[in-house]
Amino acid sequence: YVPWRSYNKDLVSSGQDYYWNFSEVSLDYQEALLTEASQFHPAWEFLSNEVRALMARNVAIVLGDRNKEPVKDVLALPKMGNSGPEGGTVMAMKVAAYYHIPVFNIGNPQELETARHWFQLNRNERQL
């Protein structure tokens with residue numbers, strides 16, 4: 001999932017099946033993702049269009065293409081600031097929590113252990 005074609009261009013090959021580009025989806029879907037993302041960011045009005053695209057991309061990662069197939073759970077390793085998790089990963093964590101998708105901050109040893117237990121209990125339901 002990339003927000004625009006040149007984003008991390010040395011790491012992303014546009015010919016790959018897993019490639020998804022925010023700037024290449026329909027304008028209606030872009031607007032829906034931006035609207036969704038704006039509900040979870042405390043300072044949306046101060047973000048540049050590029051950062052807004054990054055936040056919208058995080059929504060698409062969690063909810064799936066066109067919000068049709070959300071992830072079953074989120075393993076997150078957010079950057080930690082003085083007041084707790086911060087950065088774009090927090091957007092994904094907020095979206096998942098809002099949609100009742102289990103979120104595990106694996107940087108926290110207790111949550112890592114909870115995640116291990118969760119995946120053991122649910123391993124038969126998972127298709128990896």
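The values are calculated or read from the model by the stated rules, or taken from the named source; none is laboratory data. Fair warning: this is a prediction, and the values are worked out from it, not measured in the lab. Counting neighbours? That spans all protein chains shown, and the Cβs are built from the backbone with ideal geometry, glycine included. SASA here: full protein model, heavy atoms, side chains in, ligands and nucleic acids out. Shrake-Rupley method; radii C 1.70, N 1.55, O 1.52, S 1.80 Å.
Can you name the residue in region 11-60 that is outside any helix (DSSP H, G or I), over 16 Å from the mean Cα position of the chain (by Cα) and modelled with pLDDT of 60 or more and, of all such residues, is nearest to residue 98 (Cα to Cα)? Residue satisfying both the conditions and the ranking: 42.
Taken over region 35-55, residues that are farther than 16 Å from residue 86 by Cα, surrounded by 12 or more Cβ atoms within 10 Å (Cβ to Cβ) and touching a Ser or Thr at 6+ places or on another chain (Cβ under 9 Å) amount to 1. The residues of region 62-94 that are open to solvent by 70 Å² or more (accessible area, probe 1.4 Å), part of a helix (DSSP H, G or I) and touching a Phe, Trp or Tyr at 6+ places or on another chain (Cβ under 8 Å), listed by number, are 65, 66, 94.
Of the residues making up region 81-94, those that are of a type in the set (A, V, I, L, M, F, W, C) and more than 8 Å from the chain's Cα centre (by Cα) number 1.
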